[in-house]
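Take a look at the structure set out below.
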Amino acid sequence: MTAWDIAVVGGGPAGTATAIGALRADPSLKVAILERADFPRAKSCGDGIAPQVVDLLTEAGVTGIVDDWTPVPRLRLTRGSLVVDGEMQRPTWVVPRTVFDHRLVTAAQKAGAVLVRHRVRSLSGTTLDETHSAQVIVGADGPHSVVRRSLGLRQGPMAVAIRGYAPTPADRRGRLAIVFGDGGWPVAVTIGNDVSSRDIEGANPLYIPQAKIFAGACALGPVIRPAWEVDATALEIRLRIERDGAAVVDESVSTGSIARPLTDLVDYLFRAENFPDGAWLSTGTGIVPPDEFTLRVGDRVTIEVQDVGSLSNPVMSGRDAWDFLEAR
Ligand SMILES: Cc1cc2nc3c(=O)[nH]c(=O)nc-3n(C[C@H](O)[C@H](O)[C@H](O)COP(=O)(O)OP(=O)(O)OC[C@H]3O[C@@H](n4cnc5c(N)ncnc54)[C@H](O)[C@@H]3O)c2cc1C
């Protein structure tokens, strides 16, 4: 067991800044940063570094960390014909986190922190994984924090974010341009399992929305692939329903057999509605089990989409099936 004065879990900006601050206050402290990843490591982020960040780092004795990156003095926000364009009070920077976080970790090491490659799995009192102990343990291990979970604290709301890099044209250098689209172009592909009551649906075509609104219906994920990485017009979709260990439905279809081009579906979706936060468009599977078929509690529905992944859901009913949500 290694004993530390301070053990910081996570070597992102929060963890490294904590280590740097502690060592500035008392350079004799034994400070460890326990980090699961090898640096340099990527992190989903817009990579914007506000000037206040640079101020705080300077206060902590870390200087020059963004000096070799182009400052961004201008901001332009666009939505349709609306444009706001101007000089910012102070310039900001855009530095990939692979670079920025690596520099921060290096600065923490220079200040005297010890970077330990270790994925923390549990916290008990002042001991981490029975291998490290510390008088003070700092949880800086990001959105899925093991430290927070071990303390019984709830996780905050989660969202899905997609980040991509594009080359900056010469005339855009030094300017941050954020274009708020009205949507209408696909950014990602996933798997969806909407659950329909065919009794309700069959009674009247106008009842389709009511036939699909159930707690727990319309599971999405668990994988998303950027739209530009997959050819969504020719993917095999396989639907398997297992009952008592045997497949009662096992069929495949290709997205190539969808009658309308996917671009038309997207276009029509956005003609009628605004989706400021985006939307998932469900294309349908083209696999229709016979009329007499109905799902039963205990069945497992698995949908595999070629090049995307597999979504598997158990069939449950009743309010008790939701206990896991209350436990979160
Ligand atoms: C899409 C998106 C865009 C964003 N854009 C910006 C932006 O432009 N500007 C901005 O300032 N902020 C932005 N943010 C927010 C910013 O990314 C976070 O606020 C910041 O990364 C939080 O830093 P952190 O050190 O708390 O956590 P993280 O940066 O997530 O670091 C946590 C570290 O802990 C490590 N870790 C996790 N679990 C364990 C474990 N069990 N054991 C050991 N190590 C572990 C991880 O490997 C990681 O290195 C954005 C966030 C997202 C998602």
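Counting only DSSP beta bridges with both residues in the stretch 201-328, tell me the antiparallel percent, nearest 5. Provide the component values of the computation, followed by the final result.
Values: 20 of 20 bridges.
Expressed as a percentage, antiparallel bridges in the stretch 201-328 total about 100.
How many angstrom lie between the C-alpha centres of the stretch 92-132 and the stretch 259-317?
41
Cut-off is 10 Å between beta-carbons; in what order do 110, 212 appear when sorted fewest neighbours first? All intermediate terms of the calculation are to be shown ahead of the outcome.
Numbers: 110 12, 212 16.
By the 10 Å Cβ count, ascending, the order reads 110, 212.
Could you give the length gained by full extension between residue 163 and residue 223, i.e. 0.36 nm per residue of separation minus their alpha carbon distance, to one decimal place?
Computed gain between residue 163 and residue 223 is 20.1 nm.
Tell me, what is the FRET efficiency for residue 282 and residue 102 to the nearest 0.05, using R0 = 41 angstrom and their Cβ-Cβ distance as r?
Working: r = 41 Å, r/R0 = 0.99.
For residue 282 and residue 102, the calculated efficiency is 0.50.
Tell me, 241, 20, 208 in order of fewest to most beta-carbon neighbours within 10 Å?
On the way: 241 20, 20 24, 208 11.
Lowest to highest Cβ neighbour count: 208, 241, 20.
For the stretch 74-81, what does the Karplus curve 6.51 cos²θ - 1.76 cosθ + 1.60, with θ = phi - 60°, yield as ³J(HN,Hα) per residue in whole Hz, taken in order and with x for Gly and Pro?
Per residue, the Karplus-derived 3J(HN,Hα) values read 10, 10, 10, 10, 10, 9, x, 8 Hz.
By how many nm would the segment from residue 85 to residue 50 grow when fully extended, if each residue of separation counts as 0.36 nm and the alpha-carbon distance is taken off? Let's see the in-between values first.
Values: separation 35, 0.36 × 35 = 12.60 nm, distance 1.80 nm.
Roughly 10.8 nm would be gained on extension.
Could you work out the helix-only [θ] at 222 nm for the chain, with each DSSP H run of four or more residues adding -39,500 (n - 2.57) and the total divided by the number of residues, to the nearest 500 deg cm²/dmol? If you can, show how the numbers build up before the last one.
Numbers: 8 runs with 67 residues, N = 328.
Calculated mean residue ellipticity at 222 nm is -5500 deg cm²/dmol.
Kindly express, to the nearest 10 degrees and within the range 0 to 90, the angle between helix 97-111's C-alpha long axis and the longest C-alpha principal axis of the chain.
30
Of the beta bridges DSSP finds with both residues in the chain, what % are antiparallel, to the nearest 5?
Among the beta bridges of the chain, antiparallel pairing accounts for roughly 65 percent.
Measuring from label point to label point, each 7 Å out along Cα→Cβ, what is the residue 38 to residue 59 span in nm?
3.6
Can you compute the charge dipole magnitude of the stretch 207-324 about its Cα centre, using +1 on each Lys and Arg Cβ and -1 on each Asp and Glu Cβ, nothing else charged? Give it in debye, rounded to the nearest 20.
Working: 10 positive and 18 negative charges, 40 e Å.
Charge dipole, the stretch 207-324, about its Cα centre: 200 debye, nearest 20.
Quick one: 3J(HN,Hα) in Hz for the stretch 6-13, Karplus 6.51/-1.76/1.60 with θ = phi - 60°, rounded, Gly and Pro as x.
10, 10, 9, 8, x, x, x, x
None of the figures in this text is laboratory data; all of them are computed from the coordinates on show. Owing to the predicted nature of the structure, the values given are computational and were not obtained by experimental measurement. Using ideal geometry, Cβ is built from the backbone for each residue, glycine included, and neighbour counts are taken over all protein chains shown.
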